Amino acid sequence: MAGNLVKCSVLVFLLLTGLPVLAAQKDTFTVIRVIDGDTCVLENEERVRYLGINAPEQGDPYFNEATQANSDLVAHKEVQLEPQDPSRDRDDRLLAYVFVNEVFVNEELLRLGYAHIQRPLAAKYRDRLLKAQKAAWQEALGIWARAVGRNVAIVEIHPDAEGNDWQNLYDEYIVIENRDNAPVDLTGWTVSDEANHRYLFPSFVLKAKTAVTLRTGVGRNIESEIFWGSRSPIWNNDGDTIFMRDSEGQLALSLIY
């Protein structure tokens, strides 16, 4: 009797404080339907948004394929959530890493090329998720299948300018390198961050085996140095994600730091 009273007291406390009660109820849950490539619905009607990844939205290329891949992995199956007391996003969805037996669903969707990494990442899974995304990119799977300029790489990131970032935007930059033996036409490509600040390349060809520095501030573009033209910092000093998309909007690379 005493044990039951303690359990009831804990459950009442969780309900009154607004904390998730999933962990107090059970360890596994049945997925009753899949919404898209990174969201599912549990038997208790709770929606789960997968931590650490972002799949194509409806209307984007590979939305249907990503949704089907997620369905193949979790639909009508028992899943475990980590952490057991997930936090919620602004849409009231549970935020979790999802497992079906030994299958790490978040990692598998990255490996198949149906999602890209999205911060924050738990330290214990960071390397696994990065490795999965890199493998999909190298094999041109899923969202990476049409990525052009595969030898374009971001080889240096300098988000923390010397002194006051706002007063030294010249010293906030990234370096983009063409590792190919042929030039790459970057005209119409974009560079963006997590906050969707976006730089649009002007008419620009990156020669073979050369690099260009993209500086945040204002300046005159030359062959080795181009300027975002921003009056404020772009890259977060404590971590961000860099996205590069080609002139058709296709994701060419995604890099977190």
* Just subtract the alpha-carbon distance of L141 and A195 from 0.36 nm times their residue separation and send over the number in nm, one decimal. => 16.8 nm
* Cβ charges +1 (Lys, Arg) and -1 (Asp, Glu), total dipole of region 152-256, debye -> 380 debye
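Extension gain E225-T213, at 0.36 nm per residue separation less the Cα-Cα distance, in nm?
Values: separation 12, 0.36 × 12 = 4.32 nm, distance 0.47 nm.
That works out to 3.8 nm of additional length.
If the chain between R88 and E45 were fully stretched, how many nm would it gain, using 0.36 nm times the residue separation less the Cα-Cα distance?
Details: separation 43, 0.36 × 43 = 15.48 nm, distance 1.43 nm.
Full extension of this stretch gives 14.1 nm more.
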* Y114's amide H: which non-local residues (gap 5+, or another chain) put their own amide H closer than 5 Å, with H modeled 1.01 Å from N in plane and none for Pro or chain starts? -> I143
* Which values of log₁₀ I(q)/I(0), to two decimal places, follow from the Debye formula for the chain at q = 0.13, 0.16 Å⁻¹ with a uniform point scatterer at every Cα? -> -0.88, -1.15
* To do: Determine the sum of side-chain charges near N181: Lys and Arg each +1, Asp and Glu each -1, restricted to other residues whose C-beta is under 11 angstrom from that of N181.
  => +2
* Using per-residue counts of other Cβ atoms within 10 Å, averaged over each peptide, order 238-248, 45-55 from highest down. => 45-55, 238-248
* Asked: What Kirkwood radius, in Å to one decimal, follows from the Cα pairs of region 25-124?
  -> 13.3 Å
* Alpha-carbon centroids, region 115-152 and region 27-92: separation in whole Å -> 19 Å
* Structure fact -> Scoring only Lys, Arg, Asp and Glu (+1, +1, -1, -1) among other residues with Cβ under 9 Å from the Cβ of N236 yields -4
* Could you tally up the Lys pairs in the chain with alpha carbons closer than 22 Å? Skip any pair fewer than 8 positions apart unless they're on separate chains. => 4
* Structure fact -> Expected vector for region 59-64, Karplus 3J(HN,Hα) from phi with 6.51, -1.76, 1.60 and θ = phi - 60°, integer Hz, x for Gly and Pro, equals x, 7, x, 6, 4, 5
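At 222 nm, what helix-only mean residue ellipticity would the chain give, in deg cm²/dmol to the nearest 500, using -39500 (n - 2.57) for each DSSP H run of four or more?
Values: 5 runs with 55 residues, N = 257.
That calculation yields -6500 deg cm²/dmol at 222 nm.
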* **Charge dipole of region 152-256 about the Cα centre (unit charges at C-beta), most positive-ward option of T187, G229, V212** => T187
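Explain nothing, just the number: dipole magnitude of the chain about its Cα centre with +1 on each Lys and Arg Cβ and -1 on each Asp and Glu Cβ, in debye rounded to the nearest 20.
Working: 26 positive and 38 negative charges, 30 e Å.
Around 140 debye, computed over the chain.
Any read-out appearing in this document is the output of simple, stated calculations on the displayed coordinates, not a laboratory observation. All values reported here derive from a predicted model rather than from experimental measurement. With ideal geometry, Cβ positions are generated from the backbone for all residues, glycine too; neighbour counts draw on all protein chains shown.
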